[in-house]
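This report concerns only the one structure given below.
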Amino acid sequence: MSFSNSSRHLREGLEIMAEKMAVSNRSGPTILVIDDEEHVREGCRKVLTREGYEVSLAAGGDIGLKMIERQHYDIILLDLMMPSLSGFDVLAHVKALHPDSVIIVISGYATLENSIEAMKKGAFDFIPKPFSPEQLRLLIKKAIEYNRAMQDIADEKSRIRVLINRLTDGVMATDSSKQVVLANPAFLAMAGYRDAAAVGRPASEVMHQEQVMSMIDRALAMPGDQFQELTEELDCGSEKDQAGPVLNARCIPFRDRAGRNIGTITVLHDITALKQMDRIKSDFVSMVSHEIRSPLNSILAQIKVVLDGLVGEVTPQQHEILGRAAEKIKSLVCLSSELLDLARIESGLISQERETLNLAELLDSQVAFYDAAAQAKKIRLELAGPVTVPPVFVNRRNLEEVLANLIGNAISYTPQGGTVTVTAAMEEGYLRINVQDNGMGIAAEDQERIFTPFFRVKNDQTRFIIGTGLGLAIVKRIVEAHHGFVRVLSKPGAGSTFQVYLPAADQGGHNSATQDPLFLYDNCPTS
Ligand code: ADP
């Protein structure tokens, strides 16, 4: 354990011990009576000791002050008018030394103004002389309750402080002017802040990531009737050191009773290890899929040689067996291709090479391509036109893959004699492509899950349809990488409509970055 680590643990241990001691040390309240009149002092002592309180007496302000300097009292009964040192002076000293002591003013001259003045300076209440034992008892009881409530709040605060300080997640709270009001050691470490006190400083001086500052701005600007947790991923790698930490940042506004935003809370969670694991997993899947594809393709080619009778006559039975083997191998090729696509999308290799495309032309060619598969199943596949939408700024291969999956599925999951219709239109600034079928439909509880990798609806109707459960996951990720979204409207027995929304070319942003385009294999059978 390093020195800084051990000293941190020691400090945390001490904090917890101090807190526990504070709670266990709570015995009866200690009371100090400061009054120059002996009969008042003694009267108070008699009444209060009978109640079981621990009472100390001081015959003047100066003596009282010395006692207060030596010891903490929970409640102080304080005469305002004393010859040696005025009660007001004592009050000021007590507030500076022990702000949590509860002060009750007693004075023969207690005019209302004097008492109000004393309460303005921090006294809890006042009791005018002469007072009855019952009046004193009642007031002391009230003061004790107040003192307990204040102590409970202080304990609670200390518990929360210890808890927040021990969290491994970073926590920072700001007020509405973006000044730091709380930042735990984990947050300061993740932000790389090494100066002394962060509290009171502008958040931008503590956290240099612009993304976090923008989240704080957005949280503070959030309307009172809306509540949303803002989430972003922060890649803290520098230009030199690409493999820097990756943090998940969440930010919410906090509000007063009237619903006004009075500050923000930002939580940072280190997801570097998770990200690394994910990358390793994607790389592994890519590698395995890639390595499996070549031998599978060569097996397929060799089976074809046998099936074509190039190495001798093949009996009908042999032909059937080899044919079925070839079909299985084709499904494996398809699975490995789709796994490879998904792994590439997950590792961020989704194409950035985009172009402005005429959608009508693209839809036309895709519908023409799948016509043979539709006809083989006696399904009517049509492009309902004319398609008069503005151009779209996308990666051609990616959009072709989206359409291939949706049209292919519509054909697969629609029985003979059905219809599949493709349309495109503008809707609220988005370009919307619909692939509609009147096939078997999807149950409401499965509609969200079909976009999850490997999820396939299992029922009597789908049992014999070959698939990997990856197509729609790929569709979703490609569409989202183009700043769009995909959804399904479906009713079992009536059919499904898959809707792809893409920003039109002028809103999509002309991303000039050039990376390798996502390579999509074409050898997936469209079942
Ligand atoms: P796959 O088709 O390879 O199983 P997908 O990810 O493309 O995988 O689809 C996931 C599941 O969603 C399918 O298994 C199927 O149950 C359901 N599904 C997809 N498209 C349709 C559709 N047009 N009609 C009915 N069900 C569909």
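The values are calculated or read from the model by the stated rules, or taken from the named source; none is laboratory data. Predicted model, so just to flag it, every value in this text is computed and none were measured. Neighbour counts run over all protein chains shown; Cβ positions are idealised from the backbone, glycine included. Only protein heavy atoms, including side chains, enter the accessible area calculation; ligands, DNA and RNA are left aside. Shrake-Rupley method; radii C 1.70, N 1.55, O 1.52, S 1.80 Å.
So for each of 335-345, 478-488 I average, over its residues, the number of other beta carbons within 10 Å; can you give me the resulting order with the highest mean first?
335-345, 478-488
Between ARG255 and GLU205, how high is the FRET efficiency from 1/(1 + (r/R0)^6) when r is the Cβ-Cβ distance and R₀ = 35 Å? Nearest 0.05.
Once rounded, the FRET efficiency stands at 0.90.
For ALA198, which sequence-distant residues (separation of 5 or more, or a different chain) have an amide H within less than 5 Å of its own amide H, given hydrogens modelled in the peptide plane?
Result for ALA198 returns nothing.
How high is the relative contact order of the range 151-214, in percent, with contacts defined as C-alpha pairs under 8 Å that are six or more residues apart?
For the range 151-214, the relative contact order is 24 percent.
According to a simple spin-label model (label point 7 Å from Cα along Cα-to-Cβ), what is the distance in nm between LYS491 and ILE271?
Taking the two extended label points, one gets 3.9 nm.
When only Cα pairs under 8 Å and 6 or more residues apart are kept, what is the percent relative contact order across the range 433-512?
About 40 percent, as a whole number.
Check SER56: other-chain or 5+ apart residues with amide H under 5 Å from its amide H, H built from backbone geometry?
ILE31, LEU32, VAL33
Using mean Cβ contacts within 10 Å as the protection proxy, how do 256-264, 115-123 order, highest first?
Those peptides, ordered most packed to least, come out 115-123, 256-264.
Let me have the 222 nm mean residue ellipticity of the chain computed from DSSP H runs of 4+ only, each contributing -39500 (n - 2.57), with the sum over all residues rounded to the nearest 500.
-15000 deg cm²/dmol
For the range 355-503, what value does the Rg/Rh ratio take when both radii are computed over Cα atoms and Rh is the Kirkwood radius, given to two decimals?
0.94
Computed from the mean reciprocal separation of all distinct C-alpha pairs, what Kirkwood hydrodynamic radius does the chain have, in Å?
It is 30.6 Å.
Counting only heavy atoms of protein chains, what accessible area per residue, in Å², does the chain have with a probe of 1.4 Å?
55
Quantify, in whole percent, the carbon and sulfur part of the accessible surface of the chain (1.4 Å probe; protein heavy atoms only).
55
Expressed as a rounded percentage, what relative contact order does the range 168-270 have, with Cα pairs under 8 Å and six or more residues apart?
After rounding, I find 30 percent.
Express in whole angstrom the spacing between the alpha-carbon centres of the range 356-431 and the range 46-92.
When both Cα centres are located, 89 Å separates them.
How big is the gap, in Å, between the Cα center of the range 157-181 and the Cα center of the range 130-145?
Spelled out, the Cα-based centre of one part sits 39 Å from the other.
Using only C-alpha atoms and all pairs of different ones, pull out the Kirkwood radius for the range 277-347 in Å with one decimal.
Its Kirkwood hydrodynamic radius stands at 13.5 Å.
Each residue of the range 112-120 in turn: what ³J(HN,Hα) in whole Hz from Karplus with 6.51, -1.76, 1.60 and θ = phi - 60°, glycine and Pro shown as x?
Once θ is set to phi - 60°, the couplings for the range 112-120 become 4, 4, 4, 5, 4, 4, 5, 5, 4 Hz.
How large is Rg/Rh for the range 168-270, to two decimals, with Cα atoms and a Kirkwood Rh?
Reported Rg/Rh (Cα atoms, Kirkwood Rh): 0.98.
Treat the range 102-169 as a sphere of radius equal to its Kirkwood radius over Cα pairs and apply Stokes-Einstein at 10 °C in a medium of 1.306 mPa s; give the translational diffusion coefficient in µm²/s, rounded to a whole number.
Estimated diffusion coefficient is 111 µm²/s.
Determine the dipole magnitude for the range 420-502: charges of +1 sit on the beta-carbon of Lys and Arg, -1 on that of Asp and Glu, nothing else is charged, the reference point is the Cα centre, and the result goes in debye to the nearest 20.
Result for the range 420-502 is approximately 220 debye, rounded to the nearest 20.
Could you order peptides 73-81, 493-501, 271-279 by the average number of other Cβ atoms within 10 Å of their residues, highest first?
Output ranking for 73-81, 493-501, 271-279: 73-81, 493-501, 271-279.
Can you compute 3J(HN,Hα) from phi for each residue in the range 159-167, using the Karplus curve 6.51 cos²θ - 1.76 cosθ + 1.60 with θ = phi - 60°, rounded to whole Hz and x for Gly and Pro?
Each residue of the range 159-167 in turn: 4, 5, 4, 4, 4, 5, 5, 8, 5 Hz.
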